[in-house]
Amino acid sequence: MTDRERLEKAKEMAKNYQVEYDSGHPMFLDEDDIELLNWLIQQAEHVVGLERKLSINTNNMRQLQKENERYKQALEKIVNQAGINKEIDLELWKMAREALEGKTE
C-alpha cells in the first residue's frame with residue numbers, strides 16, 4: 001500500500017470512528033487500524049524532523065546571505081576606491097572586480 005493510500009485509509013477510518021462514536025456504538029481497533037495509527041505517528045515524527053531541518057537550513061541561509069552582502073559591499077568598496085586615485089594593488093582590484101562580475105578562475 002502506498003503512503004497516499006494509507007493516508008486516505010486513515011481519513012476514512014477517522015470518519016467511520018466518528019460516526020460510530022456519535023451513534024453511541026462501541027469502538028474497537030483491529031490490528032490493521034493499530035498498524036495504520038503507528039504509521040501516522042511515524043509520519044508525524046518525520047514531519048517534525050523535516051520542519052526542524054528546514055528551520056536550521058533557513059537560519060543558515062539567512063546568515064550566508066548577510067555574509068555574502070558584507071563581502072559584496074567590501075568588494076564594491078575596493079573597486080570604487082581604486083577608481084578615485086587611491087592607492088590599491090591592481091591585482092587586488094582586478095580580483096574584486098571579477099568577483100563582483102561573477103567571474104572566477
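A few remarks follow.
- Q65 paired with D89, simple spin-label distance in nm, labels 7 Å along Cα-to-beta-carbon: 3.3 nm
- Normalising the average separation of contacting C-alpha pairs (under 8 angstrom, six or more residues apart) by the number of residues puts the relative contact order of the chain at 17 percent.
- Distance (nanometres) between label positions extended 7 Å along Cα→Cβ at E76 and D32: 6.4 nm
- Taking a straight line from the alpha carbon of K15, these aspartates and glutamates sit under 14 Å away, with near neighbours fewer than eight places off in the same chain left out: D33.
- Label zone at S55, where the point sits 7 Å out along the Cα-to-Cβ direction: the stretch 28-49 residues whose backbone N lies under 17 Å: 44-49
The numbers here are math on the coordinates, done by the rules we state, and not lab data. Model, not experiment: these values are computed from the prediction. Every residue, glycine among them, receives a Cβ derived from its backbone with ideal geometry; neighbour counts consider all protein chains shown.
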